[in-house]
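Note sheet for the following structure.
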Amino acid sequence: MSKPVVLFRPDFLCELSASLVSQVERNLASPSIASLVKMAEILGCPVGTFFEENKTEQLVVRKSERRKLILPHHKQAYELATPSELDGSVRVLVVTLEPGEYSSMKKTTHQDKEICFVLHGEVEIEIDLTVHRLQDGDTLVFDSSDPHRFYNPTNCQSQFMLIVYT
């Protein structure tokens, strides 16, 4: 008896373990935003495909109706503030980081550009070896293909918008 041949291995292509990909498929685990972006790139679909969907045909997204991604064992919350109709062209994420919290353990990359706008608090954005410290109302534009992550260096909750576009 021969072994089955695996023709497509998304776990290999997006540098995730086969176990994690299987758990995500069975809705037993939630990947990081960076992992979702890589999975979407590999599968050729908008990242919004992976978020909870509230069925509306409107272009207005109420705060209470935002699609949410909450990661297990993390206090951070990601909310997709754009309607699913725009998922292919632009995504606006509202990100909340608790004091001393990073957006991910390692810096991540994906093939987009980002605008970070701080709504309240302070956020440090590590891009390659450079750290940019932003405060309320500050904005930073950067290429997401550069390794990056976000950090809240304060004792208070921080919230910022990420506008992700191609």
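The values are calculated or read from the model by the stated rules, or taken from the named source; none is laboratory data. A quick note: this is a predicted structure, and the numbers were derived from the prediction, not measured. Glycine also receives a Cβ, built like all others from the backbone with ideal geometry; neighbour counts cover every protein chain displayed.
Brief remarks follow.
- If you go through the range 145-161 and keep only what is hydrophobic (A, V, I, L, M, F, W, C) and under 13 Å from residue 120 (Cα atoms), you end up with 156, 160, 161.
- Checking each residue in the range 69-110 for being modelled with pLDDT of 80 or more and of a type in the set (Lys, Arg) picks out 91, 106, 107.
- Residue list for the range 137-151, filter: more than 16 Å from the chain's Cα centre (by Cα) and either surrounded by 14 or more Cβ atoms within 10 Å (Cβ to Cβ) or closer than 14 Å to residue 106 by Cβ (or both): 138, 140
- Boolean, residue 89 is of a type in the set (Ser, Thr, Tyr) and in contact with a helix residue (DSSP H, G or I) (Cβ under 9 Å, 6 or more places away or on another chain): no
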